[in-house]
Amino acid sequence: MNKAFVLVLCFMFVVFTAIEGDLVSRGGECLCIQKGSNFVYPKLLQKIELFPKSAACERIEIIATMKQTGKKRCLNPDSKQVKFLMKTFFIDKAAQSLHQ
């Protein structure tokens, strides 16, 4: 084989391996540092966002935005209160959107 051809193949292998490596989660790209709070007062919530597992983060994340401060707070998706809150919050939002 031609030396130039072998060098090009080696170069392409290195480049494609590096590109593929960027798509894999490195574990530090989650929005929440820890699992989050087990409890939050529902009346203080402005909105709740659910982020499913992805290539960037290997766990489900729930982030609540507080009404008065606008501060974002991570919630523990395994908490009973947070699970109940998610059901009621999204059911209420769905009902509101149907009536509009």
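The values are calculated or read from the model by the stated rules, or taken from the named source; none is laboratory data. Predicted, not measured: the structure shown is a model, and the values here were computed from it. All Cβ positions, glycine included, derive from the backbone under ideal geometry; neighbour counts span all protein chains shown.
Quickly run through the range 1-60 and pick out the residues that are at pLDDT below 80 and either charged (D, E, K, R) or surrounded by 12 or more Cβ atoms within 10 Å (Cβ to Cβ) (or both). I'd like the intermediate steps shown before the answer.
First pass over the range 1-60, keeping only residues at pLDDT below 80: 1-28.
Scanning the range 1-60 gives Lys3, Glu20, Asp22, Ser25, Arg26.
Between residues in the range 79-92 that are over 15 Å from Lys47 (Cβ atoms) and residues that are surrounded by 14 or more Cβ atoms within 10 Å (Cβ to Cβ), which pairs lie under 8 Å by C-beta distance while being six or more apart or on different chains? As it stands, the answer is Ser79/Ser37; Gln81/Val40; Lys83/Pro77, since those pairs meet every condition given. Checked against (1) loosely packed, with under 12 Cβ neighbours inside 10 Å; (2) modelled with pLDDT of 90 or more; (3) hydrophobic (A, V, I, L, M, F, W, C); (4) part of a loop (DSSP other than H, G, I, E, B), Phe84 passes all but condition (4).
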